[in-house]
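The values are calculated or read from the model by the stated rules, or taken from the named source; none is laboratory data. Here the structure is a predicted model, which is why all the values come from computation and not from measurement. Here Cβ is always computed from backbone atoms with ideal geometry, including for glycine, and neighbour counts include all displayed protein chains.
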Amino acid sequence: MKGRVIKSTGSWYSVQTDTGNIQARLRGKFKQDELKLTNPIAVGDFVLIEKEENQSTSVITDILPRENYIIRKSTRKTHFSHILASNIDQAFLIVTLRNPRTSLGFIDRFLVSTESFRIPATILVNKMDESYKEKDLEYLETIKEIYEPIGYPVLEISALKGENLKEKFLPLLQGKTTLLSGHSGVGKSTFLNKLVPQAQQATKEISKFSAKGVHTTTFAEMFELGEGGFLIDTPGIKEFGILDIEEQELSHYFVEMRQYLGQCKYNNCKHINEPGCIVLEKLEEGYIHPYRYDSYVNILFEEESHK
Ligand SMILES: Nc1nc2c(ncn2[C@@H]2O[C@H](COP(=O)(O)OP(=O)(O)O)[C@@H](O)[C@H]2O)c(=O)[nH]1
Ligand SMILES: [Mg+2]
Ligand SMILES: [Zn+2]
(Lines give C-alpha, C1' and ligand atoms only; values in the text may rest on other atoms or scores of the structure.)
(Ligands and ions follow the chains in the order given, each with its own letter.)
Protein backbone atom coordinates (compact mmCIF):
# COMPACT_ATOMS: atom_id res chain seq x y z
CA MET A 1 0.00 0.00 0.00
CA LYS A 2 1.22 3.49 -0.83
CA GLY A 3 1.19 6.34 1.65
CA ARG A 4 2.88 9.53 2.71
CA VAL A 5 4.88 10.05 5.87
CA ILE A 6 3.28 12.88 7.83
CA LYS A 7 5.10 12.50 11.12
CA SER A 8 8.21 10.85 12.42
CA THR A 9 9.36 10.26 15.96
CA GLY A 10 12.64 8.69 14.95
CA SER A 11 11.48 5.11 15.26
CA TRP A 12 7.81 5.27 14.31
CA TYR A 13 6.26 6.96 11.33
CA SER A 14 2.69 8.06 10.78
CA VAL A 15 1.80 7.23 7.22
CA GLN A 16 -1.25 8.73 5.64
CA THR A 17 -3.01 6.31 3.29
CA ASP A 18 -6.36 6.15 1.53
CA THR A 19 -7.65 4.13 4.45
CA GLY A 20 -6.47 6.45 7.20
CA ASN A 21 -3.29 7.02 9.15
CA ILE A 22 -1.15 3.99 9.86
CA GLN A 23 1.73 3.69 12.29
CA ALA A 24 4.67 2.01 10.64
CA ARG A 25 8.26 1.31 11.43
CA LEU A 26 11.33 0.56 9.43
CA ARG A 27 12.69 -2.91 9.16
CA GLY A 28 16.40 -3.39 8.67
CA LYS A 29 18.63 -0.93 6.96
CA PHE A 30 17.66 1.34 4.16
CA LYS A 31 19.99 1.93 1.32
CA GLN A 32 20.48 5.64 0.76
CA ASP A 33 22.40 6.87 -2.23
CA GLU A 34 25.24 9.28 -1.81
CA LEU A 35 23.83 11.22 1.10
CA LYS A 36 24.96 10.52 4.62
CA LEU A 37 21.77 10.90 6.54
CA THR A 38 20.82 10.66 10.17
CA ASN A 39 17.21 9.96 9.17
CA PRO A 40 16.45 7.48 6.40
CA ILE A 41 12.81 8.56 6.10
CA ALA A 42 11.57 12.11 6.22
CA VAL A 43 8.23 13.84 6.49
CA GLY A 44 6.82 14.21 3.01
CA ASP A 45 8.25 10.95 1.70
CA PHE A 46 6.03 8.69 -0.32
CA VAL A 47 6.50 5.14 0.90
CA LEU A 48 5.19 1.63 0.43
CA ILE A 49 4.01 -0.16 3.54
CA GLU A 50 3.02 -3.70 4.37
CA LYS A 51 1.20 -5.23 7.28
CA GLU A 52 3.43 -7.35 9.44
CA GLU A 53 2.47 -10.97 9.57
CA ASN A 54 0.42 -11.94 12.61
CA GLN A 55 0.76 -8.45 14.01
CA SER A 56 -1.21 -5.29 14.04
CA THR A 57 1.76 -3.17 12.99
CA SER A 58 3.05 -2.17 9.57
CA VAL A 59 6.48 -1.78 8.10
CA ILE A 60 7.86 0.57 5.49
CA THR A 61 9.24 -1.59 2.72
CA ASP A 62 10.21 1.00 0.17
CA ILE A 63 10.62 4.71 -0.38
CA LEU A 64 9.66 6.28 -3.69
CA PRO A 65 12.17 8.63 -5.29
CA ARG A 66 12.14 12.10 -3.75
CA GLU A 67 11.32 14.94 -6.07
CA ASN A 68 13.26 17.28 -3.80
CA TYR A 69 14.13 17.81 -0.18
CA ILE A 70 15.37 20.40 2.28
CA ILE A 71 18.31 19.40 4.33
CA ARG A 72 20.28 20.69 7.27
CA LYS A 73 23.54 19.68 8.80
CA SER A 74 23.25 17.25 11.64
CA THR A 75 23.83 18.90 14.97
CA ARG A 76 25.23 15.71 16.46
CA LYS A 77 27.15 13.95 13.73
CA THR A 78 29.66 15.80 11.59
CA HIS A 79 29.43 15.17 7.85
CA PHE A 80 25.91 13.88 8.34
CA SER A 81 22.75 15.59 7.27
CA HIS A 82 19.18 15.54 8.33
CA ILE A 83 16.39 15.76 5.80
CA LEU A 84 13.79 18.13 7.13
CA ALA A 85 11.11 17.37 4.58
CA SER A 86 10.69 16.14 1.05
CA ASN A 87 8.46 16.49 -2.01
CA ILE A 88 7.80 20.16 -1.41
CA ASP A 89 5.92 22.43 -3.83
CA GLN A 90 6.77 25.74 -2.24
CA ALA A 91 8.50 27.19 0.79
CA PHE A 92 7.52 29.98 3.14
CA LEU A 93 10.45 31.40 5.01
CA ILE A 94 9.25 33.19 8.11
CA VAL A 95 11.59 35.94 9.23
CA THR A 96 11.44 38.56 11.95
CA LEU A 97 13.06 41.95 12.34
CA ARG A 98 13.69 41.45 16.04
CA ASN A 99 13.38 38.71 18.66
CA PRO A 100 14.99 36.99 16.84
CA ARG A 101 16.41 39.07 14.02
CA THR A 102 16.81 37.00 10.88
CA SER A 103 20.05 37.74 9.07
CA LEU A 104 20.32 38.23 5.33
CA GLY A 105 22.93 35.47 5.25
CA PHE A 106 20.41 33.05 6.70
CA ILE A 107 17.79 34.06 4.15
CA ASP A 108 20.25 33.62 1.29
CA ARG A 109 21.37 30.19 2.44
CA PHE A 110 17.77 29.13 2.57
CA LEU A 111 17.13 30.48 -0.91
CA VAL A 112 20.14 28.63 -2.29
CA SER A 113 18.68 25.40 -0.91
CA THR A 114 15.27 26.03 -2.44
CA GLU A 115 16.69 27.29 -5.75
CA SER A 116 18.79 24.16 -6.14
CA PHE A 117 15.49 22.32 -6.60
CA ARG A 118 13.63 25.27 -8.11
CA ILE A 119 11.21 25.31 -5.20
CA PRO A 120 9.41 28.68 -5.25
CA ALA A 121 9.96 30.63 -2.04
CA THR A 122 8.06 33.43 -0.32
CA ILE A 123 9.38 35.50 2.56
CA LEU A 124 6.91 36.24 5.34
CA VAL A 125 7.96 39.00 7.69
CA ASN A 126 6.12 38.12 10.88
CA LYS A 127 5.29 40.01 14.07
CA MET A 128 4.38 43.17 12.21
CA ASP A 129 1.92 43.97 15.00
CA GLU A 130 4.86 44.98 17.18
CA SER A 131 6.12 48.52 17.20
CA TYR A 132 9.59 48.83 15.83
CA LYS A 133 12.40 51.30 16.00
CA GLU A 134 13.48 53.06 12.87
CA LYS A 135 16.51 50.83 12.54
CA ASP A 136 14.30 47.73 12.35
CA LEU A 137 11.98 49.33 9.84
CA GLU A 138 14.96 50.18 7.69
CA TYR A 139 15.86 46.52 7.81
CA LEU A 140 12.38 45.67 6.55
CA GLU A 141 12.87 48.08 3.65
CA THR A 142 16.22 46.47 2.87
CA ILE A 143 14.63 43.03 2.78
CA LYS A 144 11.97 44.28 0.36
CA GLU A 145 14.51 46.11 -1.75
CA ILE A 146 16.69 43.02 -2.10
CA TYR A 147 14.20 40.21 -2.59
CA GLU A 148 11.16 41.62 -4.35
CA PRO A 149 12.98 42.66 -7.53
CA ILE A 150 14.50 39.20 -7.93
CA GLY A 151 11.18 37.42 -7.67
CA TYR A 152 10.68 36.50 -4.03
CA PRO A 153 7.45 37.95 -2.68
CA VAL A 154 7.88 39.66 0.70
CA LEU A 155 4.66 39.69 2.74
CA GLU A 156 4.23 41.42 6.08
CA ILE A 157 2.08 39.47 8.49
CA SER A 158 1.11 39.01 12.09
CA ALA A 159 0.54 35.35 12.80
CA LEU A 160 -0.64 36.26 16.29
CA LYS A 161 -2.99 39.16 15.65
CA GLY A 162 -3.49 39.17 11.92
CA GLU A 163 -7.04 39.24 10.63
CA ASN A 164 -8.25 36.96 7.89
CA LEU A 165 -5.02 35.02 7.73
CA LYS A 166 -6.92 31.99 6.55
CA GLU A 167 -8.72 33.82 3.80
CA LYS A 168 -5.50 35.40 2.62
CA PHE A 169 -3.34 32.32 2.64
CA LEU A 170 -5.59 29.39 1.80
CA PRO A 171 -5.68 30.25 -1.90
CA LEU A 172 -1.86 30.18 -1.94
CA LEU A 173 -1.71 26.86 -0.14
CA GLN A 174 -4.46 24.84 -1.73
CA GLY A 175 -3.40 21.58 -3.30
CA LYS A 176 0.25 22.16 -2.48
CA THR A 177 2.79 20.92 0.02
CA THR A 178 4.21 24.01 1.68
CA LEU A 179 7.23 24.01 3.93
CA LEU A 180 7.31 26.50 6.78
CA SER A 181 10.80 27.38 7.78
CA GLY A 182 12.75 29.90 9.80
CA HIS A 183 14.61 30.36 13.06
CA SER A 184 13.18 29.19 16.32
CA GLY A 185 10.77 31.74 17.71
CA VAL A 186 9.74 33.50 14.49
CA GLY A 187 6.19 32.20 14.72
CA LYS A 188 5.99 29.12 12.50
CA SER A 189 3.78 27.17 14.89
CA THR A 190 1.62 30.21 15.60
CA PHE A 191 1.08 30.67 11.86
CA LEU A 192 0.27 27.01 11.39
CA ASN A 193 -2.23 26.97 14.26
CA LYS A 194 -4.11 29.85 12.65
CA LEU A 195 -4.42 28.00 9.37
CA VAL A 196 -4.97 24.51 10.76
CA PRO A 197 -6.60 25.00 14.17
CA GLN A 198 -6.64 21.26 14.85
CA ALA A 199 -2.82 21.23 14.53
CA GLN A 200 -2.45 22.70 18.01
CA GLN A 201 1.29 22.95 17.77
CA ALA A 202 2.93 24.11 20.96
CA THR A 203 4.21 27.66 20.78
CA LYS A 204 6.73 29.03 23.13
CA GLU A 205 7.63 32.34 24.66
CA ILE A 206 11.03 33.43 23.57
CA SER A 207 13.44 33.60 26.41
CA LYS A 208 14.02 37.30 26.87
CA PHE A 209 17.47 36.58 28.05
CA SER A 210 18.85 34.94 24.95
CA ALA A 211 16.22 36.16 22.49
CA LYS A 212 17.01 32.98 20.60
CA GLY A 213 13.84 31.01 21.21
CA VAL A 214 13.61 27.60 22.75
CA HIS A 215 13.04 24.48 20.74
CA THR A 216 9.44 23.39 20.94
CA THR A 217 9.02 21.46 17.71
CA THR A 218 11.58 18.69 17.58
CA PHE A 219 10.50 16.88 14.44
CA ALA A 220 9.02 18.17 11.26
CA GLU A 221 5.35 17.41 11.01
CA MET A 222 2.90 17.66 8.18
CA PHE A 223 -0.66 18.91 8.56
CA GLU A 224 -3.44 18.58 6.07
CA LEU A 225 -5.40 21.67 5.23
CA GLY A 226 -9.09 21.02 5.19
CA GLU A 227 -9.27 22.36 1.66
CA GLY A 228 -6.51 20.10 0.29
CA GLY A 229 -2.81 20.67 0.60
CA PHE A 230 -0.30 20.27 3.37
CA LEU A 231 1.69 22.54 5.65
CA ILE A 232 4.93 21.31 7.15
CA ASP A 233 6.05 22.74 10.46
CA THR A 234 9.76 22.34 11.04
CA PRO A 235 11.84 22.73 14.15
CA GLY A 236 13.73 25.97 14.43
CA ILE A 237 16.80 25.98 12.32
CA LYS A 238 20.09 27.64 13.05
CA GLU A 239 21.73 26.96 9.75
CA PHE A 240 21.01 25.30 6.46
CA GLY A 241 23.54 22.90 5.15
CA ILE A 242 24.25 23.52 1.55
CA LEU A 243 25.32 20.24 0.19
CA ASP A 244 26.65 18.79 -2.97
CA ILE A 245 26.89 22.15 -4.64
CA GLU A 246 29.95 22.61 -6.75
CA GLU A 247 31.67 25.97 -6.69
CA GLN A 248 30.76 26.59 -10.30
CA GLU A 249 27.17 25.70 -9.57
CA LEU A 250 26.59 28.09 -6.69
CA SER A 251 25.97 31.17 -8.82
CA HIS A 252 23.19 29.28 -10.62
CA TYR A 253 21.23 29.35 -7.38
CA PHE A 254 21.42 33.12 -7.14
CA VAL A 255 18.56 33.93 -9.48
CA GLU A 256 19.80 37.36 -10.42
CA MET A 257 23.20 35.97 -11.43
CA ARG A 258 21.80 33.09 -13.41
CA GLN A 259 20.95 35.21 -16.44
CA TYR A 260 24.54 36.37 -16.87
CA LEU A 261 26.25 33.05 -16.47
CA GLY A 262 28.22 31.78 -19.39
CA GLN A 263 29.16 35.33 -20.35
CA CYS A 264 32.29 35.63 -18.21
CA LYS A 265 35.63 35.54 -20.02
CA TYR A 266 36.68 32.33 -18.29
CA ASN A 267 34.19 29.53 -18.21
CA ASN A 268 35.38 28.38 -14.80
CA CYS A 269 34.94 31.91 -13.40
CA LYS A 270 34.08 32.04 -9.71
CA HIS A 271 33.21 35.74 -9.95
CA ILE A 272 35.70 36.82 -7.32
CA ASN A 273 38.41 38.80 -9.08
CA GLU A 274 38.72 37.29 -12.53
CA PRO A 275 39.19 39.65 -15.46
CA GLY A 276 36.22 39.88 -17.79
CA CYS A 277 33.77 38.72 -15.14
CA ILE A 278 30.24 39.76 -16.04
CA VAL A 279 28.93 39.19 -12.50
CA LEU A 280 31.44 41.70 -11.11
CA GLU A 281 30.50 44.08 -13.89
CA LYS A 282 26.78 43.80 -13.09
CA LEU A 283 27.53 44.22 -9.39
CA GLU A 284 29.40 47.39 -10.21
CA GLU A 285 26.52 48.64 -12.35
CA GLY A 286 24.04 47.97 -9.55
CA TYR A 287 22.14 45.07 -11.14
CA ILE A 288 23.23 42.71 -8.39
CA HIS A 289 22.66 43.76 -4.80
CA PRO A 290 25.92 44.04 -2.83
CA TYR A 291 24.44 42.15 0.13
CA ARG A 292 23.50 39.27 -2.10
CA TYR A 293 26.97 39.24 -3.59
CA ASP A 294 28.41 39.17 -0.05
CA SER A 295 26.28 36.13 0.73
CA TYR A 296 27.48 34.48 -2.45
CA VAL A 297 31.11 35.00 -1.46
CA ASN A 298 30.51 33.85 2.11
CA ILE A 299 28.82 30.63 1.03
CA LEU A 300 31.47 29.99 -1.60
CA PHE A 301 34.36 30.29 0.84
CA GLU A 302 32.57 28.44 3.58
CA GLU A 303 31.95 25.53 1.27
CA GLU A 304 35.55 25.59 0.12
CA SER A 305 36.77 25.40 3.68
CA HIS A 306 34.75 22.21 4.21
CA LYS A 307 36.46 20.40 1.37
N1 LIG B 1 3.89 39.90 18.64
C2 LIG B 1 3.83 38.76 17.97
N3 LIG B 1 4.30 37.64 18.53
C4 LIG B 1 4.23 36.49 17.82
C5 LIG B 1 3.69 36.46 16.50
N6 LIG B 1 3.78 35.19 16.05
C7 LIG B 1 4.32 34.46 17.05
N8 LIG B 1 4.60 35.23 18.11
C9 LIG B 1 5.18 34.80 19.40
O10 LIG B 1 6.51 34.36 19.19
C11 LIG B 1 6.80 33.25 20.06
C12 LIG B 1 7.30 32.08 19.26
O13 LIG B 1 6.28 31.61 18.40
P14 LIG B 1 6.25 30.12 17.81
O15 LIG B 1 5.05 30.01 16.94
O16 LIG B 1 6.42 29.12 18.89
O17 LIG B 1 7.57 30.14 16.92
P18 LIG B 1 8.30 28.94 16.15
O19 LIG B 1 9.46 28.55 17.00
O20 LIG B 1 8.77 29.53 14.86
O21 LIG B 1 7.30 27.86 15.95
C22 LIG B 1 5.52 32.97 20.82
O23 LIG B 1 5.58 33.61 22.08
C24 LIG B 1 4.44 33.59 19.95
O25 LIG B 1 3.30 33.98 20.67
C26 LIG B 1 3.19 37.68 15.93
O27 LIG B 1 2.71 37.77 14.82
N28 LIG B 1 3.31 38.79 16.72
MG1 LIG C 1 7.44 25.81 16.50
ZN1 LIG D 1 32.48 35.70 -13.46
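Tabulated data
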| read-out | value |
| --- | --- |
| So residue 176, is it more than 15 Å from ligand 1 (Cβ to nearest atom), modelled with pLDDT of 95 or more, more than 19 Å from residue 105 (Cα to Cα) and not polar (S, T, N, Q) | yes |
| Members of the range 123-164 found to be among the polar types (S, T, N, Q) and free of Cβ contacts under 8 Å to residues at least 40 places away in the same chain, listed by number | 131, 158, 164 |
| The range 174-201 - residue that is hydrophobic (A, V, I, L, M, F, W, C) and in contact (Cβ under 8 Å) with a residue 40 or more places away in the chain and, of those, surrounded by the most Cβ atoms within 10 Å (Cβ to Cβ) | 179 |
| Filter result (under 23 Å from residue 192 (Cβ atoms) and out of contact with any strand residue (DSSP E or B) (no Cβ under 8 Å at 6 or more places or on another chain)) within the range 76-105 | 98, 99, 100, 101 |
| Members of the range 174-188 found to be among the charged types (D, E, K, R) and part of a loop (DSSP other than H, G, I, E, B), listed by number | 176 |
| Single match in 195, 124, 160, 225 (criterion: farther than 30 Å from residue 289 by Cβ, modelled with pLDDT of 95 or more and touching a helix residue (DSSP H, G or I) at 6+ places or on another chain (Cβ under 8 Å)) | 160 |
| Residues satisfying the stated conditions in the range 127-156, i.e. farther than 21 Å from residue 293 by Cβ, of a type outside the set (A, V, I, L, M, F, W, C) and in a helix (DSSP H, G or I) | 134, 135, 136 |
| For residue 24: the one exception among (1) at pLDDT below 90; (2) surrounded by 15 or more Cβ atoms within 10 Å (Cβ to Cβ) | (1) |
| Helices (runs of 4 or more DSSP H) enclosed by the range 245-307 - at least 2 residues per element that are modelled with pLDDT of 90 or more, of a type in the set (Lys, Arg) and crowded, with 16+ Cβ neighbours inside 10 Å | none |
